[in-house]
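Please treat every number below as a calculation from the coordinates, not as lab data. Keep in mind that what you see is a predicted model, and the values were worked out from it rather than measured. Here the Cβ is made from the backbone with ideal geometry for all residues, glycine too, and neighbour counts use every protein chain on show.
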Amino acid sequence: MKDMKTKFSVKNIFRNQIFIPIAAMLLLLIFNLILDPSFFKVTLGYNSAGNPVLSGYLITILDSGSELAILAIGMTLVTAATGGQDISVGATAAIAGSVILRVLCGGNSRPEHMQAPIIVAFLVAVLASMLCGAFNGILVAYFKIQPMVATLILYTAGRSIAAWINNNELPVISDESFSYFGGFIPGICIPTPFLIALLCIIVTVLVMKFTTLGLYTQAVGINEHSSKLNGLNPIFIKFITFVILGVCVAVVGLIKVSRISTINYSVIAKDIEMDAILAVALGGNALGGGKFNMTASIIGAYVIQCLTTTLYKFNVQSDALPAYKAVVVILLVVSSAPTVRAWFTKTWAGITAKNVKEVG
Amino acid sequence: MKKKVLATLLATTMVFGLAACGNSSDSASTDTANDAATTDDAATADTTATDDAAAADDSASSGDLIKVGIINNDPNESGYRTANDKSMKEMFTAENGYEASFAYSLKNDEQITAAQKFIQDGVDYLLLSAADVSGWDSVLQDVADAGVRVILFDRTIDADESLYEASIVSDMAKEGETAVTWLKDQGLDEYNIIHLQGVMGSAAQVGRSGALDEAVKNDGWKLVTQQTAEWNAEKAQQIVQSVIDSGEKFNVIYAESDDMAKGAVAALDKANISHGVGKDVVVMGFDCNKWALEELLNQNWNYDGQCNPFQATYIDEVIKTIEGGGEVAEKTIIMDEKGFDATTITQDDVDSYGI
Amino acid sequence: MRDKAVLEMKNIHKSFPGVRALQAVDFTLCEGEIHALMGENGAGKSTLIKVLTGVYSKDSGDIFLKGHDKAVAIHSPQDAQNLGISTVYQEITLCPNLSVAENMFIGRTKGFGQNWKKMNAEADRILKSLDIPAKATQQLGSCSLAVQQMIAIGRAVDMDCKVLILDEPTSSLDEGEVEKLFKLMRDLKAKGVGIIFVTHFLDQVYEVCDKITVLRDGQLVGEYEIENLPRVQLVSKMLGKELDDMSDIKSEQSTYKDSDNNAPVFEAAGLCSDAGIKLFDFYIKKGEVNGFTGLLGSGRSECVRAIFGADRITGGTVKKNGKTVKITKPIDAMKNGIAYLPEDRKRDGIVGDLSVRDNIILALQVMQGFFKPISKAQAYKYADEYIKLLSIKTASADTPIKSLSGGNQQKVLIGRWLLTHPEYLILDEPTRGIDVGTKIDIQKLVLKLASEGMSVTFISSETDEMLRTCSRLVVMRDRKVVGELSGEDLTQNKIMSTIAGGDK
């Protein structure tokens, strides 16, 4: 039995969930390697403030994919526990961003100095988007409304709420230190968004290790009745996943507003919910809930960013991006279909059998 | 099984319910400038005479006020729209002799509903910034039959000219031409341009892109990349980042909105590429946001083209003319729009033209 | 082919990753014969059926049908149906909101046209010929389960079937309904249809079948005439060992001696829940095995669910060792040392996609709390311990529980609760739908646990199972406790009369 556990075979790789996003990532990287190896060039330069920064396509992917990776964490949990997705994350990120600006500006849309420490603004934003998450969570967990329908409310209303928070003003923060979160911290050459994403991932790993969140969400997602009879409170667990997603959204909101030091309510984090859901799917997680693989989701998020960056690199019209993503979705759905998988396994078995024969 | 069916049913009802909610909340945003309660629904609409607006300002009797119904796009859509809405609200007040009701929507059918309601309310003027160019003929005919005069602002529509008194619009193509002429006058050695477009097909995008495309064709300018960033700063940042990563040379950023220019500049800063007056890259934006004009004042950007949101004063003039028994000379009134150069802009310009 | 044989399967092989499900299995079915296919869970019965109906494709072997010279190829259920092989499953797979006639003809009309009148008349003719008490225009959902089952059979028969497979058709039927079903089966037999009957109920096999084919571990044990194979031998063939185990149980029974000064561990007074049971009182003592009995729907499960806090409690108190404890939800009960194995294994028990390991540790983990996860190493240790203790057949502790056979799933669930070291274990129908061997294992386990001092409540639809294990029975009728039997009174007759209310 021990052998079975540690045994590592090609067959197992195919069956492993994490195979899909890694294969997709490799495919994209190989594509770039063949067409233009300069894709992999990373250079150390200085930004206009004189700080050392790394640059290159790979760094851009790590930088721009951060928000998606952070959202993927929360979205994976929500998907696992509720078997549905939160489509309000983009709008909630707008709310979080708006709250941050509101607190920092203190009502004046173009303040000389920040009116509050950034950490305070961020914590208020965390609170606000946790509240949004809690609102969704109550609708889904307690009132048993389908997640997509429940989150449709904030999806529709969120951006108006975000605008209302700042009285329809578009505040601009001129303080240099605020742009660190979406850019670079002086002296550190790695983009801060990636560092923040890394921090979120580490926290997630720790939470997974030192709590039973993973087991509980999966158990509730797979069989609610059974979980209940095993002493779990499915309502609370579903609720809490939405609140956790809320925290992720607040972090995303901070990065987003910091990137440009201002906000545009109608386009900030636009369509990010669909990308986040796609990341979860790309990670091979069942969108119907149940078992999940967090690592796969996070890799999935970076795969999406890698695709986006690649398309920009080749000057593909950016409004055609969704069409390419659709192609990915199709490939994904087809390749995860049981029949296709069986075919892969069989074909592979055929190849290896042949090789063995030839060797023998 | 039964439960599932029931759940699906319930969910469906919910969706419809929500859709209904959405509708009602949108029409509920049909509120007056002074008080939301006045035009809450048809019941109160019949008795609009007892208006809070009038009550708030006892000095003017309600009979003297000119009633205007204003149908606009959602003010959250952009800074331009916010400024536009704000100027409307500042102009059409009881002090200026108006009694105004507002309706906001980005959807044509909801705007038409609002128009019909304004007819019932008996407004004197209908001010309209239509969501779509078509589909307005019949409702405008109704409006004309009711003796209401129509003034279009910001956007034109596909309807007979006789159906409206005036159309006060920006000439986006002219905005583009002004900008491109300015760029030509800079006399750069070579023109390697990153062109960041707005949402494809929008009037602003078509107008502002047209002039540049023309110049690229005729003057041998080079487009390093031409991409739509859909008015989105982040997307603009990614597109410019991508060009920087590729190592291609460029010296002009022609962004069709201030937001996109800002995103582009963020990417430049990250790569330590200097920009602004006398620097490596020329940065051009549109819309004249106050913060953008400040960037010009600080010489970080080079040019900002105006898209005038202050139609209110023009409308006021048109109404005054009609009320005074005069004729409106031109049906289509093109507003004055400037282009600001970083080398000549003053603090006064920022204060008076910044939105 | 043998004379009169309608179906012959020869040398069938089928393997799944890691399991050889069928090895060189032969099976022959004759015209006008009811043939029982017997075996423990995991013996290969359902695999064989699925190969025959085209759900699985076989690895090797041949299938011959009467009227076909060569071996037939069956690649899909559609193929099987076209060849005259029909299946009626345990769960009814018809549409309850359509009419009887629509259900009988659904998917069989050619083109888009439909002559409703003709269809109804045709349906009535079939119903009448098979003596099925239903009308063509009646909504299917309004028929009893047995009649629905018979309509499914009627549909199968009408499709010119030569081989009819009945897969556990009786598990949700009561005795009268089973009788009706058997009559229909005999009628069909008389018409020359060959019937394959898969069931766990030995009595039913001996009542209706002509032949028995026994499978074990994917291999053919043999084909027997019914009269040549007494029950005991059948069971021992299925288990593959001589059967003294039954008598073992007998000797172990009633080692529990009740003494009056022994105070109850748990007692409930005036307990009721929103699941619709009337107020009831209850107690259990240390090392005692008691049971709830009554017809299906009499409220036995609801009672134990109320004790466990699984439904919303609407009144009453529970005392543990004389002290009142508050149990409003399962976690309260678990913390007070109560464990509950639910009746519906699939719906309430297993967490299908999770591994055997996670399923075993789940309850203990929940009791330990959110911030004290059981380490992976520890979890494997627990899992291996209970896999060994309960001899659970699984490829590894990482295998998803849903790929185990029913009996082994049940053992995993029992392992889950034993791991919490409960003082009081409630087993609601732990033996339903699982094979004889596992049933006996579970009964023995119950008695062993009780002798070690655990209190156990055991619920089963099979009265002799209850009589074997329980020392006291609570009898229920119409969601009310109507009697309590122990000692001398523990006889089949007494139970029956109490359930029926014959005392009065």
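Under 5 Å from the amide H of B:Ile355 lie the amide H atoms of B:Asn289, B:Lys290, each residue being 5 or more positions distant or on a separate chain, with H modelled from the backbone and absent for Pro and chain starts. Let me know the shape class of the range A:45-161, please: from the alpha-carbon gyration tensor, a ≥ b ≥ c as square roots of the eigenvalues, rounded when a/c is under 1.5, otherwise prolate if a/b is greater than b/c, or oblate. Taking the square roots of the gyration eigenvalues as a ≥ b ≥ c, the range A:45-161 is oblate. When DSSP beta bridges are restricted to pairs lying wholly in chain C, around 55% turn out antiparallel.
Shape descriptor for chain A: Rg over Rh equals 1.01 (Cα atoms; Rh from the Kirkwood inverse mean 1/r).
Quick one: of the DSSP bridges fully inside the protein assembly as shown, what percent are antiparallel, nearest 5?
Values: 50 of 124 bridges.
Antiparallel bridges make up about 40 percent of those DSSP assigns within the protein assembly as shown.
Counting neighbouring beta carbons within 10 Å and listing from fewest to most, the residues B:Leu152, A:Leu215 come out as A:Leu215, B:Leu152.
The alpha carbons of the range C:345-421 occupy a box of 33, 25, 22 Å along the principal axes, longest dimension given first.
Taking amide H as placed 1.01 Å from N in the peptide plane, B:Thr93 has its amide H under 5 Å from the amide H of B:Tyr98, each at least 5 places away in sequence or on another chain. Counted by Cβ distance under 15 Å from A:Ala128, the other residues give a net charge of +3, where Lys and Arg count +1 and Asp and Glu count -1.
Eight or more residues apart or on different chains, and alpha-carbon atoms under 13 Å: count the Lys pairs in the range C:350-444 matching that. Mind dumping the intermediate values first?
Details: C:Lys388/C:Lys411; C:Lys393/C:Lys402; C:Lys393/C:Lys411; C:Lys402/C:Lys411; C:Lys411/C:Lys439; C:Lys411/C:Lys444.
Here the count comes out as 6.
Residues whose amide H falls under 5 Å from that of B:Ile333, counting only those 5 or more places apart or on a different chain, are B:Ser167, B:Ile168, B:Val169, with hydrogens built in the peptide plane. Each Cα pair under 8 Å and six or more residues apart adds its separation to the average, and for the range C:304-378 the resulting relative contact order is 22 percent.
Working note: Karplus 6.51/-1.76/1.60 with θ = phi - 60° gives the range B:115-121 the couplings 4, 4, 5, 5, 4, 4, 5 Hz, where Gly and Pro are set to x.
Can you compute the modelled spin-label distance between C:Leu98 and B:Thr332, with each label point 7 Å from Cα toward Cβ, in nm? The answer from the label model is 6.2 nm.
Among C:Thr394, A:Thr43, A:Thr156, sorting on how many other beta-carbon atoms sit within 10 Å of each Cβ, with the fewest leading, yields A:Thr43, A:Thr156, C:Thr394.
With helices defined as uninterrupted DSSP H runs, which ones in chain C have an alpha carbon span along their own long axis of at least 15 Å and mean Kyte-Doolittle hydropathy of at least 0.0? Numbers along the way, then the final one.
Working: long enough: C:116-129 (20 Å, -1.04); C:145-158 (20 Å, 0.94); C:175-190 (22 Å, -0.53); C:356-368 (19 Å, 0.78); C:376-389 (19 Å, -0.89); C:406-418 (18 Å, -0.36); C:436-451 (23 Å, 0.62).
Membrane-span-like by this criterion, though nothing is claimed about a membrane: C:145-158, C:356-368, C:436-451.
Arrange C:Ile313, C:Ile360 by Cβ neighbour counts within 10 Å, fewest through most, would you? Intermediate values should be presented prior to the final figure.
Details: C:Ile313 22, C:Ile360 31.
Least crowded to most crowded, the residues run C:Ile313, C:Ile360.
Local charge for B:Gly324 was computed over the other residues whose Cβ lies under 13 Å away, with Lys and Arg +1 and Asp and Glu -1, and equals -3.
The range C:346-385 and the range B:185-232 have Cα centres spaced 62 Å apart.
Long hydrophobic helices in chain A, taken as whole DSSP H segments with a C-alpha length of 20 Å or more on their own axis and mean Kyte-Doolittle hydropathy at least -1.0: A:19-35, A:66-82, A:89-105, A:118-137, A:147-165, A:192-210, A:234-260, A:294-313, A:321-336, A:338-359.
So, in Å, what gap is there between the alpha-carbon centers of the range A:204-249 and the range A:261-287? Each part's Cα centre sits 22 Å from the other's. Only lysines eight or more places from B:Lys331 in sequence, or on another chain, were considered; those with a Cα closer than 23 Å are B:Lys67, B:Lys174, B:Lys320. Rounded to the nearest 5, the antiparallel percentage of DSSP beta bridges internal to the range C:5-243 is 55%.
Using the Kirkwood radius over Cα pairs, work out the Stokes-Einstein diffusion coefficient for chain C at 10 °C and 1.306 mPa s, in µm²/s as a whole number.
Numbers: Rh = 24.9 Å.
Here the translational diffusion coefficient equals 64 µm²/s.
P(r) for the protein assembly as shown, from all Cα pairs and a bin width of 10 Å, is 2, 8, 13, 16, 16, 13, 11, 10, 7, 3, 1, 0 %, short bins first.
Legend: mean number of C-beta atoms from other chains within 10 angstrom of residue C-beta atoms, peptide A:164-173, equals 3.
Here the range B:242-303 yields Rg over Rh of 0.95, to two decimals, using C-alpha coordinates and the Kirkwood radius. Springs between alpha-carbon pairs under 10 angstrom, Gaussian network model over chain A: which of A:Ile240, A:Ile188, A:Ile87 fluctuates most? Looking only at A:Ile240, A:Ile188, A:Ile87, the largest GNM fluctuation is found for A:Ile188.
If you average 1/r over every pair of different alpha-carbon atoms in the range C:5-243 and take one over that average, what Kirkwood value in Å do you get? Provide the component values of the computation, followed by the final result.
Values: mean 1/r = 0.0539 Å⁻¹.
When all Cα pairs of the range C:5-243 are included, the Kirkwood radius is 18.6 Å.
The modelled label-to-label distance between B:Glu214 and B:Ser274, using points 7 Å beyond Cα along the C-beta direction, is 3.4 nm.
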